[in-house]
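K.L.:
This is the structure I have questions about; it appears just below.
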Amino acid sequence: MKSTIKILLVVIAIVLLTGNATKATEWSKIVDLEGFWRFSVGDNTEWANSDFDDSEWDYIRVPASWDDFYPGYNGYGWYRKSFEVRSMPPHDNLAFILGNIDDVDEVFVNGKKIGQTGTFPPLNETAYNINRLYYVDSEILQEGENVIAVRVYDEGKEGGMVGHYDIGLFYDNDKSLLDLDLSGEWKFSIYRESGLYDYDFDDSEWDEITVPGNWENQGYADFDGFAWYRKKFTVSNKLTNDNLFLVLGKIDDIDKVYLNGKLIGRTEYLDEYSGFRKYGFWQLYRVYELPPDILKRNNILVVEVKDEQLQGGIYEGPIGLMNAQNARIVEQRNKDLFYETPVERVIKFLFDF
């Protein structure tokens, strides 16, 4: 079985040591949020409300360390910005990309929380080196004026929305290449149970979770360890005869993927590839080629995920089935961000595994 596993790992959006490597072509910017935001030191939950009057607040540039404006300040600070959406895209898969935030953040759009990265005091845990990408339900946004508010805690050195990425509201163009979109509600559990890979397994008591999205933002704050996702889906007769790839976006940190009870792909740490481990599998797209004749009319997909620290889960799309031609388009779109040598070595290892 292992010798038949084939895996296509597409490396995108990895933070480079120099330059700005964040303009991955699969994202279209709908709203540019770089520039001046309203800002206040301190902490007040009312500041998340869309109708809060921030007219007396200071202006601060984003992206930039707030130490450029408030030298030596550590603690809480809030950013707020009004922005206009002239026309909503026809589909979901909208996300705010906010770059690196030093150290911890919590984000609200029109008064509703859409995400958090890191842990606030008293058990604060920094996430200063993680690009913030928060998916947002299109129902939260509205045509016309909207308000985003970002609560930040800095424990030392520079703080705030320091950047290193394009900042704005984006749409994922790769989603349009899917033959079958599997994003949305999945079943989720942090407990392994006998028979969970079977189609008829009873997961009615499992939680529901939105994919893609970090599980920390969906009721599992600070959870590290193993978890299981389940998704039932139906395919047409046409799709069962196509050469298809299962696209699972980015997963933090490592995964094993089962379709109709069979292991079809895995991404794990390989100690002998120290250079590859340096960047981490959590930065890679999972794109697994489906074995022939594995798809049925009714199918069950199970993804086992192990998270070692910070954020966890299937956190970035697109998610679904894609034909070989479109999978190659995704690959070519991001070819300038490939780490060719280590990827080739790992793929060769997995093909021979």
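K.L.:
Filter the range 86-113 for residues that are closer than 13 Å to Ser138 by Cβ and modelled with pLDDT under 90 and give the result.
P.N.:
So the first thing to find is which residues in the range 86-113 are closer than 13 Å to Ser138 by Cβ, and the list is 87-96, 109-110, 112.
Across the range 86-113, the qualifying residues are Ser87, Met88, Pro89, Pro90, His91, Asp92, Asn93, Leu94, Ala95.
K.L.:
Can you find a residue that is surrounded by fewer than 17 Cβ atoms within 10 Å (Cβ to Cβ), within 23 Å of Asp172 (Cβ to Cβ), out of contact with any Asp or Glu (no Cβ under 8 Å at 6 or more places or on another chain) and outside the structural domain of Gly320 (by TED's automatic domain parsing) anywhere in the range 102-116?
P.N.:
Start the filter on the range 102-116 by keeping residues that are surrounded by fewer than 17 Cβ atoms within 10 Å (Cβ to Cβ), which leaves 111-113.
Of the ones still in play, those that are also within 23 Å of Asp172 (Cβ to Cβ) are 112-113.
If we keep only those that are out of contact with any Asp or Glu (no Cβ under 8 Å at 6 or more places or on another chain) as well, we get 112.
When the remaining residues are screened for being outside the structural domain of Gly320 (by TED's automatic domain parsing), the result is 112.
Checked the range 102-116: at least one residue is surrounded by fewer than 17 Cβ atoms within 10 Å (Cβ to Cβ), within 23 Å of Asp172 (Cβ to Cβ), out of contact with any Asp or Glu (no Cβ under 8 Å at 6 or more places or on another chain) and outside the structural domain of Gly320 (by TED's automatic domain parsing).
K.L.:
Need pairs with beta-carbon distance below 6 Å; first residue closer than 26 Å to Arg297 by Cβ and within the range 187-200, second among the hydroxyl-bearing types (Ser, Thr, Tyr) and not in a loop (DSSP other than H, G, I, E, B); sequence gap 6+ or separate chains.
P.N.:
Phe188/Tyr229; Tyr197/Tyr258
K.L.:
Also, I was wondering about something else. Scan Lys250, Lys256, Lys262, Lys232 and give me the residue that is closer than 12 Å to Val302 by Cβ and either within 18 Å of the chain's Cα centre (by Cα) or among the acidic types (Asp, Glu) (or both). Even if it seems obvious, please write down each step before you answer.
P.N.:
Values: Lys250 fails: closer than 12 Å to Val302 by Cβ; Lys262 fails: either within 18 Å of the chain's Cα centre (by Cα) or among the acidic types (Asp, Glu) (or both); Lys232 fails: either within 18 Å of the chain's Cα centre (by Cα) or among the acidic types (Asp, Glu) (or both).
Among Lys250, Lys256, Lys262, Lys232, only Lys256 is closer than 12 Å to Val302 by Cβ and either within 18 Å of the chain's Cα centre (by Cα) or among the acidic types (Asp, Glu) (or both).
K.L.:
Sticking with this structure for a sec: Considering every residue within the range 63-80, establish whether at least one is in a helix (DSSP H, G or I) and modelled with pLDDT under 95.
P.N.:
Narrowing the range 63-80 to residues in a helix (DSSP H, G or I): 66-68.
Within this subset, residues satisfying the condition of being modelled with pLDDT under 95 are 67-68.
Yes, there is a match, as at least one residue in the range 63-80 is in a helix (DSSP H, G or I) and modelled with pLDDT under 95.
K.L.:
Quick one: in the range 269-308, which of the residues that are assigned to a helix (DSSP H, G or I) and either surrounded by fewer than 16 Cβ atoms within 10 Å (Cβ to Cβ) or touching a helix residue (DSSP H, G or I) at 6+ places or on another chain (Cβ under 8 Å) (or both) is modelled with the highest pLDDT?
P.N.:
Within the range 269-308, the subset assigned to a helix (DSSP H, G or I) is 274-279, 281-283.
Right, trim to either surrounded by fewer than 16 Cβ atoms within 10 Å (Cβ to Cβ) or touching a helix residue (DSSP H, G or I) at 6+ places or on another chain (Cβ under 8 Å) (or both) and you get 274-279.
On the way: Ser274: 43, Gly275: 42, Phe276: 45, Arg277: 46, Lys278: 45, Tyr279: 50.
Looking at residues that are assigned to a helix (DSSP H, G or I) and either surrounded by fewer than 16 Cβ atoms within 10 Å (Cβ to Cβ) or touching a helix residue (DSSP H, G or I) at 6+ places or on another chain (Cβ under 8 Å) (or both), I get Tyr279.
K.L.:
Have a look at Arg266, Arg192 and point out the one that is part of a loop (DSSP other than H, G, I, E, B) and surrounded by fewer than 20 Cβ atoms within 10 Å (Cβ to Cβ).
P.N.:
On the way: Arg266 fails: part of a loop (DSSP other than H, G, I, E, B).
It is Arg192.
K.L.:
Name the single residue, out of those in the range 76-96 being within 20 Å of Ala48 (Cβ to Cβ) and of a type in the set (A, V, I, L, M), that is surrounded by the fewest Cβ atoms within 10 Å (Cβ to Cβ).
P.N.:
In this case the residue turns out to be Val85.
K.L.:
While we're here: Scan (1) at negative phi; (2) in contact (Cβ under 8 Å) with a residue 40 or more places away in the chain; (3) out of contact with any helix residue (DSSP H, G or I) (no Cβ under 8 Å at 6 or more places or on another chain) for the single condition His164 breaks and write down its number.
P.N.:
Checking His164 against (1) at negative phi; (2) in contact (Cβ under 8 Å) with a residue 40 or more places away in the chain; (3) out of contact with any helix residue (DSSP H, G or I) (no Cβ under 8 Å at 6 or more places or on another chain), the one that fails is (1).
K.L.:
Checking the condition in contact (Cβ under 8 Å) with a residue 40 or more places away in the chain, under 20 Å from Glu308 (Cβ atoms) and buried (at least 21 other Cβ atoms within 10 Å of the Cβ), which residue from Leu244, Leu248 passes?
P.N.:
Values: Leu244 fails: under 20 Å from Glu308 (Cβ atoms).
None of the other options fit; the residue is Leu248.
The values are calculated or read from the model by the stated rules, or taken from the named source; none is laboratory data. Keep in mind that this is a model prediction, so the values were computed, not measured. Quick reminder, even Gly has a Cβ in these numbers, built from the backbone with ideal geometry, and neighbours come from all protein chains shown.
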